[in-house]
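Participant: Dumping the structure here so I can ask a few things about it.
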Amino acid sequence: MKVINIILLFLFFLINHNIHSHNPEDFMIAEIERGQMNFENEQIALEYGAALKRQRIRRLSAMPFIKKFYIFVKAGFEHIIPQGIDHILFVLGLFFSCMTLRALLWQVTAFTVAHSITLILAAQGLVQLRGDIVEAIIALSIVWVAVENCLYKETSRWRYLIVFAFGLLHGLGFAALLTQYGLPKDNFISMLLAFNVGVEFGQLAVLLIAFILIKLFLKKNWYSDEIKIPASLMIAIIGLFWFIERVV
Amino acid sequence: MKRLILITVLLFVVSCQQESKMNSTINPFFQEWNSSFQVPPFLDIKDEHYMPAYEQGMKENLDEIDEIVNNAEVPTFENTIEELERSGKLLSKVGRVFSNLASSNTNPSLQELQRNLSPLLSAHYDKISLNEGLFNRVDAVWKNRKNLDLTSEQSKLLNDTRKGFVRSGALLSEAQKERISEINSKISGLSTSFGQNLLAETNGFELILDKNDLDGLSEDVIAAAYDAASQKMDKTDSDEEKEKYNNKYVFTPHRSSMYPFLTESTRRDLREQLYNSYVKRGDNNNETDNKEIAAQIAKLRAQRAKIMGYKTHAHFILDDNMLKTPEEVYDLLIKLWKPAVKRAKAEVADMQAVAYAEGHNFKIAAWDWWHYSEKVRKEKYDLDESAIKPYLSLDNVLQGVFNTTNKLWGLNFTEIFDIDLYHPDARIWEVTDKDGSHLGIFIGDYFTRSNKRGGAWMSSFKGQSNLDGVERPIVVNVCNFPAPVGDNPALLSFDNVVTLFHEFGHAMHGTLTNVKYGSMAGTSGPRDFIELPSQLLEHWASEPQVLKSFATHYETGESIPDELIEKLLNASKFNQGFINTEYLAASLLDMDWHTISADDDIKDANNFELASMKNVGLIGEIAPRYRTTYFAHIFSGGYSSGYYSYVHAAVLDSDAFEAFKEAGDVFDSNLASRLRSSIYSKGSTEEAMDLFIKFRGRKPVIEPLLKVRGLDGSE
């Protein structure tokens, strides 16, 4: 059967000879000399992903700086909304934990500073940690923050430290995504910055939306226990589910 | 507020769904392509769109033919030949996209489609080429050609069109036509068997080795052989078969498996075994033997040629080529043969010296060639590929080839970033002429991937024509260069660079073309001519001045050192005796098989081959590139009496480049513009030999080729 296919294939190319200038029979002869083509979907997908990244970098390098900057801000934003659902939950976890706006701002700042540090270090290849471990701990960090919300009424002092530590991990997560996405070599630092700016915008947007929704629709304060406990529980359950999924 | 959001979201979802539904029902082949430069809308084309478009395309094509045939007016050039040119637009629209993607970005469903389409298309084109009414009209125009005041391009088109019908048998009697179709179907059956047998024979032999049979083999080769054995294990369910391959190493007569083994293995007995399995394919006196089949095919072809009014099959085939008679082909081959064999004998002597020095006392045999030539290569022509690659990043090489055509013809290439192609590795440029006008579109798809066929080729997504307004072409080069690792740039070998220039030469032939009738555009010329524009461009790649201009180190930015260039160019002379001898032997064998007369009865294909090779004086250490029983190019493919084309084109390109050498400037502007006006822009609007003479001022000579290949006795 195989051979019939090859012969038919050859006939096909012969008929199309006016289209192919390069000796069409070479295909048939190549089949005889090299054997049949082997399609492996996994391999094809892998090659496609790498090609997409190359294409993105080529296209970026041809763009004016402002456009590139905008694209990376956008990419950073999109890595929070809608792609970074785990980061969204983490930030929401922080949101529901805080009694005051001041506490919230401090925690978010600690988180931001931390993930910026590791994002920059990891993107330059200075820090590396296995992706699956990072992902699992990120899930765990969500559970931690949410559970803490349920157990303690007030945020403890060492909480900032823990948020900072988790921030370092989330930064590694962003970096992994960014490397997949690809950074142009000639504007490395500025695009890294742009990406980070986008991430911050995304984060702020999450907080803002949460604030507005609760204020507008429920006409309640976000630190009310009526919302804080069930919301945190939900977040904890989802985080736990991810943790199990990522470990198993 | 809530409700408002809900309604908006719902509306959005519904509209999205409708849009996607609409997309799946519209077949892009039935629409005008309004994309910039009419690049096919690849993202909208789905596998299921091809078949309906093909069916509709064939139907429209036949309707158009009927219309031409049933035209009540007297046949004229305009209402017959030009209308024929205009016909089949949809078929060509879908055919170009499909035949390209079925090679460069294929999948099992496209391959299946290809198998189903093949007999349909072949029947379709038969309906046209055997249409008597159509031929009568064409013939009527042709008979009246003296009174028509045609341009030279038009009269060539008229002649070619008529000739196509005649070569399909239009002038024969009914009885003769019947006999031809009988012969054709016999030949096609035999060709199929030939290919089947060859594949069975190639797959049928394997050298299964133990750990202690691997002397001399490198780690990569051993790993590949081990993988081959594991794959065999995975494919079988029987325990016995599994045991056979368990922890073993498999080599086969596939070239990719055989050559590394013959080169590296120090086990002479095993080299002999594998080599013999290769050269004996189709010659084992079993049920898959090809000797009888080959002889029958040759005889049937001779009979067909006789009915068509030609002396032999070679005469019939060559009538359409640049070299017109077997005498011209033989003359060329024999002229090259002597220096090639002389050089090959010197190579044997070099290898023999190495073998003696190693303390062996055997005579170098055919299965020793790869092993000992590699030793000679290391000694005389050693070239460290890894030292060269950093200078040859794909982007640099592309810049190099663009600059070359810029210096020759003033072309400019502007990469386009906002058009999506069929794969993200495919890149697209607009080509503009020296006055800034649009010339065409160039697509380059360079990296290897699992859904691309092997090898390298040029093709087009849109042809060139000036019949109804100006249509500029979209051409594509497809190669199989290794993809870059990680974020590093893609680094090419020098062989890759030559391939890139070669395919780019075809692309220029397809881009600079400027003819009225699409069927004569670009690369439509005879087989022994169309490799001239491609092979010619290769010469610039090896020109030190050009190489130095683009080969800069991707990290340091330094130009390639002179010493490395010298080594590189020297290495191209390695083993030329062998390469040319085996190739010429096969070309001569091809010619011998196709100059037999219809009455010749060849009893034994092996004796025929032996006599043919003895006649010309082939040395025992070399077999023809293809022996009769596995010469698929000529017995199963379309190369009969055409295998010589490669070297013929090489004669042409070496001689053409020599003109630049003689001028003392590889970018001499007069020569460059003559090259463009007489060859690259002309398609097949004139006889190929006339085109060459227009450029060179005389017929081609072989001396420049001998020099390029180191066969001029200077080595």
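Participant: Calculate, for B:E292 and B:L110, the FRET efficiency according to 1/(1 + (r/R0)^6) with r their C-beta to C-beta distance and R0 30 Å; round to the nearest 0.05. Intermediate values should be presented prior to the final figure.
Facilitator: Working: r = 36 Å, r/R0 = 1.21.
E(calc), rounded to 0.05, equals 0.25.
Participant: Between B:D712 and A:I66, how many nm apart are label points set 7 Å from Cα along the C-beta direction?
Facilitator: Between B:D712 and A:I66, the label points sit 6.0 nm apart.
Participant: Something else now. What is the dipole size for region A:65-247, taken about its Cα centre, with +1 at each Lys and Arg Cβ and -1 at each Asp and Glu Cβ, in debye to the nearest 20?
Facilitator: Working: 14 positive and 11 negative charges, 84 e Å.
The dipole of region A:65-247 has a size of about 400 debye.
Participant: Turning to a different aspect of this structure: When the label point is put 7 Å from the Cα of B:D384 along its Cα-to-beta-carbon vector, which residues of region B:557-600 have a backbone N closer than 16 Å?
Facilitator: Answer for region B:557-600: B:560-568.
Participant: So for B:V708, B:V397, fewest C-beta neighbours within 10 Å to most, what's the order? List each step's numbers first, then the result.
Facilitator: Values: B:V708 20, B:V397 26.
Taking fewest neighbouring Cβ atoms as first place, the list is B:V708, B:V397.
Participant: With θ set to phi - 60° and the Karplus curve 6.51 cos²θ - 1.76 cosθ + 1.60, what are the ³J(HN,Hα) couplings of region A:58-74 in order, to the nearest whole Hz, using x for Gly and Pro?
Facilitator: 4, 5, 4, 5, 8, 8, x, 4, 4, 5, 4, 4, 4, 4, 6, 4, 4
Participant: Can I ask one more? Enumerate by residue number the trypsin sites (Lys or Arg not before Pro) in region B:518-625 meeting two conditions: DSSP loop (anything except H, G, I, E, B), and at most 12 other Cβ atoms within 10 Å of the site's Cβ. Kindly include the intermediate steps, with their values, before the conclusion.
Facilitator: Values: sites: B:R527, B:K548, B:K567, B:K573, B:K603, B:K614, B:R625; in loops: B:K573, B:K603, B:R625.
Passing both the DSSP loop test and the Cβ count: B:K603.
Participant: Please get the size of the charge dipole for the protein assembly as shown, origin at its Cα centre, with Cβ charges of +1 on Lys and Arg and -1 on Asp and Glu, quoted in debye to the nearest 20. All intermediate terms of the calculation are to be shown ahead of the outcome.
Facilitator: Values: 100 positive and 123 negative charges, 421 e Å.
The dipole of the protein assembly as shown has a size of about 2020 debye.
Participant: Enter the mean number of other protein chain beta carbons within 10 Å of the beta carbon of each residue in B:633-641, as an integer. Could you put the intermediate results ahead of the total?
Facilitator: Numbers: counts 5, 1, 0, 8, 12, 9, 4, 0, 0.
Counting Cβ atoms of other protein chains within 10 Å of each residue's Cβ and averaging gives 4.
Participant: Using label points projected 7 Å from each Cα along Cα→Cβ, tell me how many nm separate B:E78 and A:Q43, to one decimal.
Facilitator: 5.8
Participant: Using label points projected 7 Å from each Cα along Cα→Cβ, tell me how many nm separate B:R255 and B:K363, to one decimal.
Facilitator: Each label point is offset 7 Å from its Cα along the Cβ direction, giving 2.8 nm.
Participant: Compare the Cα positions of B:Y54, B:Y259, B:S393 along the charge dipole of the protein assembly as shown (+1 at Cβ of Lys, Arg; -1 at Cβ of Asp, Glu; about the Cα centre) and return the one farthest towards the positive end.
Facilitator: B:S393
Participant: Can you work out the FRET efficiency for the pair A:M234 and A:R130, with r the C-beta to C-beta distance and R0 = 25 Å, to the nearest 0.05? Walk me through the intermediate numbers first.
Facilitator: Values: r = 29 Å, r/R0 = 1.16.
The value I calculate is 0.30.
Participant: Do any of B:K407/B:K682; B:K143/B:K177; B:K280/B:K707; A:K74/A:K185 go past 24 Å between their Cα atoms, and which? All intermediate terms of the calculation are to be shown ahead of the outcome.
Facilitator: Numbers: B:K407/B:K682 20 Å; B:K143/B:K177 22 Å; B:K280/B:K707 35 Å; A:K74/A:K185 19 Å.
Check vs 24 Å cut-off fails for B:K280/B:K707.
Participant: Would you calculate a helix-derived [θ] at 222 nm for the protein assembly as shown, using -39,500 (n - 2.57) for each DSSP H run of n ≥ 4 and dividing by the full residue count, to the nearest 500? Could you put the intermediate results ahead of the total?
Facilitator: Details: 40 runs with 591 residues, N = 963.
When only DSSP H runs of four or more count, the value is -20000 deg cm²/dmol.
Participant: Sticking with this structure for a sec: If the only charges are +1 at each Lys and Arg Cβ and -1 at each Asp and Glu Cβ, what is the size of the charge dipole of region B:205-279 around the Cα centre, to the nearest 20 debye? Show your work: numbers first, answer last.
Facilitator: Details: 10 positive and 16 negative charges, 52 e Å.
Here region B:205-279 has a charge dipole of around 260 debye.
Participant: Exactly which trypsin sites (Lys or Arg not before Pro) in region B:405-450 are in a DSSP loop and have at most 13 other Cβ atoms within 10 Å? Spell out each step's value before the answer.
Facilitator: Working: sites: B:K407, B:R427, B:K434, B:R449; in loops: B:K434, B:R449.
Those satisfying the criteria are B:K434.
Participant: So if each residue of separation counts as 0.36 nm, and I subtract the Cα-Cα distance between B:N607 and B:E219, what length gain in nm does that give?
Facilitator: On the way: separation 388, 0.36 × 388 = 139.68 nm, distance 4.18 nm.
That works out to 135.5 nm of additional length.
Participant: What is chain B by shape, rounded, prolate or oblate, if you read a ≥ b ≥ c off the alpha carbon gyration tensor as root eigenvalues and call it rounded for a/c under 1.5, prolate for a/b larger than b/c, and oblate otherwise?
Facilitator: Since a/c stays below 1.5, the shape of chain B is classed as rounded.
Participant: Charges on Cβ only, +1 for Lys and Arg, -1 for Asp and Glu, centred on the Cα centroid of region B:130-256; of B:Y245, B:G164, B:I187, which one is farthest towards the dipole's positive end?
Facilitator: Checked the options; the winner is B:G164.
Participant: Here is a further query. Using the Cα gyration tensor of region B:205-279, with a ≥ b ≥ c the square roots of its eigenvalues, what is the shape: rounded (a/c below 1.5), prolate (a/b larger than b/c) or oblate (neither)? Mind dumping the intermediate values first?
Facilitator: Details: a/c = 1.92, a/b = 1.60, b/c = 1.20.
Taking the square roots of the gyration eigenvalues as a ≥ b ≥ c, region B:205-279 is prolate.
No lab work stands behind these numbers, since they all come straight from the coordinates. Everything numeric in this text was worked out from a predicted model, so none of it was measured. Note: ideal-geometry Cβ built from the backbone for every residue, glycine included; neighbour counts use all protein chains shown.
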